[in-house]
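Beneath this line is the structure, given in structure tokens, with notes to follow.
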Amino acid sequence: MLTKFELLKERCQEENLTLWELSIKDEIENTKKTEEEIFDRLQRTLDIMKESSHQALDVAVTSVTGMTGGNAKTMNDYFLGGESILGETAAKAMAMALSTSEVNAAMGRIVAAPTAGASGILPATLMTMYHKYGYDDRKLMEAMLVATQIGQVIFDNATFAGAEGGCQAETGSAAAMAAAAAVYLRGYDIETQGKAATCALLNIMGLVCDPIGGMVEFPCNLRNANGVMNALASADMAMAGVTMYVTFDEAVEAMKRVGDSLPHGLRETGEGGIAVCPSALKLRAKYIDGTM
């Protein structure tokens with residue numbers, strides 16, 4: 001049976017469980033693992049997220065192709081300079097999202113959450129909440145479980161793949177998962193968590209997947225930085241009580257329809273959008289094709 005957010009809300013109410021507790025219950029039933037074993041795995045996952053989101057902040061990390069690298073350090077240096085228009089929280093969050101994205105492009109160890117191309121958003125969101133509010137690992141792992149439930153709805157009813165649904169399906173899904181996780185950490189209920197996830201999808205609806213040379217580097221790394229901003233802004237809007245006129249299930253269905261409508265050249269093929277700009281073609285020739 002396909003997972004719907006409305007079903008998750010009904011189950012939480014009927015079983016008197018939070019969304020993360022429901023996730024644990026289902027995981028125990030499906031895998032036969034104990035709660036302790038599940039949290040042991042979550043701890044390992046969280047540790048990787050911590051490492052990847054900080055690895056490129058002080059020392060520049062360059063991709064395997066050599067096309068990208070150093071943006072996380074540049075952004076972190078800017079954060080340390082205290083000149084950010086958006087403030088320290090936003091600047092640090094973007095730096096951490098860029099870090100994981102660069103570690104991924106350098107073939108380092110990351111957590112695909114939900115994909116490698118969007119892997120910077122959830123770690124940067126969780127680490128932002130840690131740096132700003134001091135949440136401990138246990139609370140961050142509970143937030144990760146909330147994110148998995150949001151992700152399950154998307155996986156069952158749409159897609160995570162840029163090759164199928166464009167970047168909206170990658171960085172959009174990651175932002176939705178992260179927004180719900182952030183709202184949970186601030187103590188808001190499942191209804192508000194769903195509204196935050198809805199907002200994140202609406203904010204990025206229709207975004208194409210157009211990486212240079214088909215490599216998960218540019219503009220992917222920028223979209224990870226913007227994705228964490230989407231997640232945090234969506235969380236704030238939901239917690240503020242901003243009205244969402246559609247449900248999360250409807251937003252997921254809409255994302256699926258939009259993704260199915262995207263032409264081939266805008267689905268991770270490197271044949272459309274930014275990927276075929278003259279500057280992008282020069283970069284591809286230099287770093288990927290080796291013809292310059």
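Of all residues in the range 29-40, which are assigned to a helix (DSSP H, G or I) and exposed (fewer than 14 other Cβ atoms within 10 Å of the Cβ)?
GLU29, ASN30, THR31, GLU35, GLU36, GLU37, ASP40
Report, ordered by the first and then the second residue, all pairs with beta carbons closer than 8 Å, sequence separation of six or more or different chains, a first member in the range 101-116 that is modelled with pLDDT of 95 or more, and a second member that is surrounded by 17 or more Cβ atoms within 10 Å (Cβ to Cβ) and among the charged types (D, E, K, R).
Pairs that qualify, where the first residue is modelled with pLDDT of 95 or more and the partner is surrounded by 17 or more Cβ atoms within 10 Å (Cβ to Cβ) and among the charged types (D, E, K, R), are ALA105/GLU217; ARG109/GLU51; PRO114/GLU170; THR115/GLU170.
Considering only the range 147-192, how many residues are at positive phi and assigned to a helix (DSSP H, G or I)?
Initial filter on the range 147-192 (at positive phi): 166, 187.
Okay, now just the ones that are also assigned to a helix (DSSP H, G or I), so none.
Of the residues in that region, 0 qualify.
What residue, of ALA285, ALA275, ALA240, ALA280, is open to solvent by 50 Å² or more (accessible area, probe 1.4 Å), over 22 Å from ILE154 (Cβ atoms) and either over 16 Å from the mean Cα position of the chain (by Cα) or not acidic (Asp, Glu) (or both)? Let's see the steps before the verdict.
Numbers: ALA285 fails: open to solvent by 50 Å² or more (accessible area, probe 1.4 Å); ALA275 fails: open to solvent by 50 Å² or more (accessible area, probe 1.4 Å); ALA280 fails: open to solvent by 50 Å² or more (accessible area, probe 1.4 Å).
Result: ALA240 is the single residue among ALA285, ALA275, ALA240, ALA280 that is open to solvent by 50 Å² or more (accessible area, probe 1.4 Å), over 22 Å from ILE154 (Cβ atoms) and either over 16 Å from the mean Cα position of the chain (by Cα) or not acidic (Asp, Glu) (or both).
Please enumerate the residues belonging to the range 182-225 that are among the basic types (Lys, Arg) and under 15 Å from the mean Cα position of the chain (by Cα).
Filtering the range 182-225 down to residues among the basic types (Lys, Arg) leaves 186, 195, 223.
Scanning the range 182-225 gives a single hit, ARG223.
I'd like the full set of residues that are free of Cβ contacts under 8 Å to residues at least 24 places away in the same chain, in contact with a Lys or Arg (Cβ under 8 Å, 6 or more places away or on another chain) and within 19 Å of HIS131 (Cα to Cα), limited to the range 18-77.
ASP58, ASN76
When the residues of the range 119-137 are narrowed to those that are farther than 18 Å from GLU51 by Cβ and in contact (Cβ under 8 Å) with a residue 24 or more places away in the chain, which ends up most open to solvent (accessible area, probe 1.4 Å)?
The qualifying residue most open to solvent (accessible area, probe 1.4 Å) is LYS132.
Looking at the range 252-272, which of the residues that are open to solvent by 50 Å² or more (accessible area, probe 1.4 Å) and in a loop (DSSP other than H, G, I, E, B) is farthest from GLY165 (Cα to Cα)?
The residue in question is GLU271.
From ALA175, ALA147, which residue is touching a helix residue (DSSP H, G or I) at 6+ places or on another chain (Cβ under 8 Å), touching a residue at least 40 places away in the same chain (Cβ under 8 Å) and either of a type outside the set (Ser, Thr, Tyr) or surrounded by fewer than 24 Cβ atoms within 10 Å (Cβ to Cβ) (or both)? If you could, list the steps in order and put the result at the bottom.
Details: ALA147 fails: touching a residue at least 40 places away in the same chain (Cβ under 8 Å).
Among ALA175, ALA147, only ALA175 is touching a helix residue (DSSP H, G or I) at 6+ places or on another chain (Cβ under 8 Å), touching a residue at least 40 places away in the same chain (Cβ under 8 Å) and either of a type outside the set (Ser, Thr, Tyr) or surrounded by fewer than 24 Cβ atoms within 10 Å (Cβ to Cβ) (or both).
Return the only residue of ASP26, ASP58 being closer than 22 Å to PRO123 by Cβ and open to solvent by 20 Å² or more (accessible area, probe 1.4 Å). Break it down into steps so the answer makes sense when it comes.
Working: ASP26 fails: closer than 22 Å to PRO123 by Cβ.
Of the residues listed, the single one that is closer than 22 Å to PRO123 by Cβ and open to solvent by 20 Å² or more (accessible area, probe 1.4 Å) is ASP58.
Per-residue answers, yes or no, for (1) of a type in the set (Lys, Arg); (2) in a helix (DSSP H, G or I):
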| residue | (1), (2) |
| --- | --- |
| LEU80 | no, yes |
| ALA91 | no, yes |
| SER99 | no, yes |
| GLU102 | no, yes |
| ARG109 | yes, no |
| ALA112 | no, no |
| ALA116 | no, no |
| LYS132 | yes, yes |
| LEU140 | no, yes |
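Being part of a helix (DSSP H, G or I) and either open to solvent by less than 80 Å² (accessible area, probe 1.4 Å) or basic (Lys, Arg) (or both) is the filter here; which residues of the range 10-23 pass it?
So in the range 10-23, the residues part of a helix (DSSP H, G or I) come out as 10-15, 19-23.
ARG11, CYS12, GLU15, LEU19, TRP20, GLU21, LEU22, SER23 - these are the residues of the range 10-23 that are part of a helix (DSSP H, G or I) and either open to solvent by less than 80 Å² (accessible area, probe 1.4 Å) or basic (Lys, Arg) (or both).
From ALA72, ALA91, grab the single residue that is of a type in the set (A, V, I, L, M, F, W, C) and either under 26 Å from LYS286 (Cβ atoms) or open to solvent by 10 Å² or more (accessible area, probe 1.4 Å) (or both).
Answer to the selection: ALA72.
Considering (1) at pLDDT 95 or above; (2) surrounded by fewer than 24 Cβ atoms within 10 Å (Cβ to Cβ), say which one ARG223 fails and leave the rest.
Against the list (1) at pLDDT 95 or above; (2) surrounded by fewer than 24 Cβ atoms within 10 Å (Cβ to Cβ), ARG223 comes up short only on (2).
The values are calculated or read from the model by the stated rules, or taken from the named source; none is laboratory data. Source: prediction; values computed, not measured. Neighbour counts run over all protein chains shown; Cβ positions are idealised from the backbone, glycine included. Areas reflect the complete protein model, heavy atoms only, side chains present, ligands, DNA and RNA absent. Shrake-Rupley method; radii C 1.70, N 1.55, O 1.52, S 1.80 Å.
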